[in-house]
Amino acid sequence: MKRIAVLTSGGDAPGMNAAIRAVVRGAIYHKMEVFGIERGYEGLINGNIDKMEVCSVSDIMQRGGTCLKTARSKRFMTPEGFGKAVETLERYEIEGLVVIGGDGSYRGGLELAKAGKTVIGLPGTIDNDLVYTDFTIGFDTAVNTVLSAIGNIRDTSSSHERGTVIEVMGRRCGDIALYAGLTGGAESILIPEEPVDMDAICETLIQGKNRGKMHSVILRAEGVEISSEELAETITQRTGIDTKIVVLAYIQRGGSPTARDRMLASRMGYRAVELLLQEGMTSKAVGIKGDEIVSYDLEEALNMKKTHDKSLMNLAKILSI
Ligand code: ATP
């Protein structure tokens, strides 16, 4: 392959810039021409595409967000918009497209693959909700951001001897709540993969209160059946602990990527280039299993079913007694 392109799509994630940098510099190193498409599939439809050079990606690795900007594109899901997107790829003679994004962006990539294009997916999303890979780019940074927020909230909630429900992102996948809750010593963690046991939550909080605990942190992923308001009210009523709510929202998306995310993005970005260099390469999704960078057929990766591993949740429960 001689001409490839890269875009970021869907929600932004820290580390997307490091991935773009690895794709651009990896491609140039291997004597390919590389184009950057702005604003995801919307930019592909509008022809917002420019050639990238080594210096186009200077000084971006440490920044959150994405230098190519991102978008959600309804037009891409219409036959007319999709046709225009394909036209842009053909006009610029793009032979391989690297899509950095989440599940939705991959589904868009799969449509392009079905239309005969070669697409390589890189998992750029803080949610860690792509089943085929152990970790996604941005997840580690988001967990560390939540961890830092837990620390700050603990200071004030200890002083006031109150509880705090901290709401974090995760509609279908509770990994941000689970990893930040476990490493931040939360008293309770609520994730969409497990039913809410209100009795157990209140029991843990009362036990802590009786032992003289000054604060309690309850981490709730946004996709959990009970709302943060209902949760806080029920806890206050049943335990007597005054419980407030903090919604972290978009704070979790920003910030300088951790070394771990930069490493993951750099390795995955370069693997995308390596795959595109292979003769007759078909569309793939790049991931990590253990410490190994792996790739699967794009459609196969999207169809993998999630199995919930209860071991981390059990560990968190044991350690929060
Ligand atoms: P995040 O996980 O951060 O939400 P995402 O990639 O899942 O990121 P989406 O908004 O779901 O974000 O998808 C991004 C874009 O991908 C959509 O705006 C749309 O243009 C395209 N897309 C999503 N689903 C499909 C689909 N089934 N077919 C074609 N295109 C799709």
Query raised in the report: Being within 11 Å of the ligand (Cβ to nearest atom), of a type in the set (S, T, N, Q) and open to solvent by less than 20 Å² (accessible area, probe 1.4 Å), is that true of even one residue in the range 104-112?
Result: yes
Query raised in the report: Where in the range 213-321 are there strands (runs of 3 or more DSSP E), lying fully within it, with 1 or more residues that are in the same structural domain as Gly96 (by TED's automatic domain parsing) and either surrounded by fewer than 18 Cβ atoms within 10 Å (Cβ to Cβ) or within 16 Å of the chain's Cα centre (by Cα) (or both)?
Result: 284-289, 292-297
Query raised in the report: Restricting the first residue to the range 236-256 and requiring it to be of a type in the set (Asp, Glu), which pairs with a second residue that is open to solvent by 40 Å² or more (accessible area, probe 1.4 Å) meet a Cβ separation below 7 Å and a spacing of at least six or different chains?
Result: Asp242/Arg162; Asp242/Thr236
Report task. Kindly indicate which of Glu38, Glu53, Glu42 is charged (D, E, K, R), in the same structural domain as Gly96 (by TED's automatic domain parsing) and open to solvent by less than 50 Å² (accessible area, probe 1.4 Å). Result -> Glu42
Query raised in the report: Can you name the number of the only condition in (1) open to solvent by less than 10 Å² (accessible area, probe 1.4 Å); (2) within 16 Å of the ligand (Cβ to nearest atom) that Ala18 fails?
Result: (2)
Query - Every residue from the range 93-133 that is farther than 30 Å from Gly255 by Cβ, in contact with a strand residue (DSSP E or B) (Cβ under 7 Å, 6 or more places away or on another chain) and assigned to a loop (DSSP other than H, G, I, E, B) - result: Glu93, Ile94, Glu95, Lys117
Query raised in the report: Has the range 83-92 got at least one residue that is within 15 Å of the ligand (Cβ to nearest atom), crowded, with 24+ Cβ neighbours inside 10 Å and either of a type in the set (Asp, Glu) or not assigned by TED's automatic domain parsing to the domain that holds Glu292 (or both)?
Result: no
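The values are calculated or read from the model by the stated rules, or taken from the named source; none is laboratory data. The shown structure was predicted, so the numbers you read here are calculated from the model rather than taken from an experiment. In this analysis, Cβ positions are derived from the backbone assuming ideal geometry, glycine residues included, and neighbour counts consider all displayed protein chains. SASA here: full protein model, heavy atoms, side chains in, ligands and nucleic acids out. Shrake-Rupley method; radii C 1.70, N 1.55, O 1.52, S 1.80 Å.
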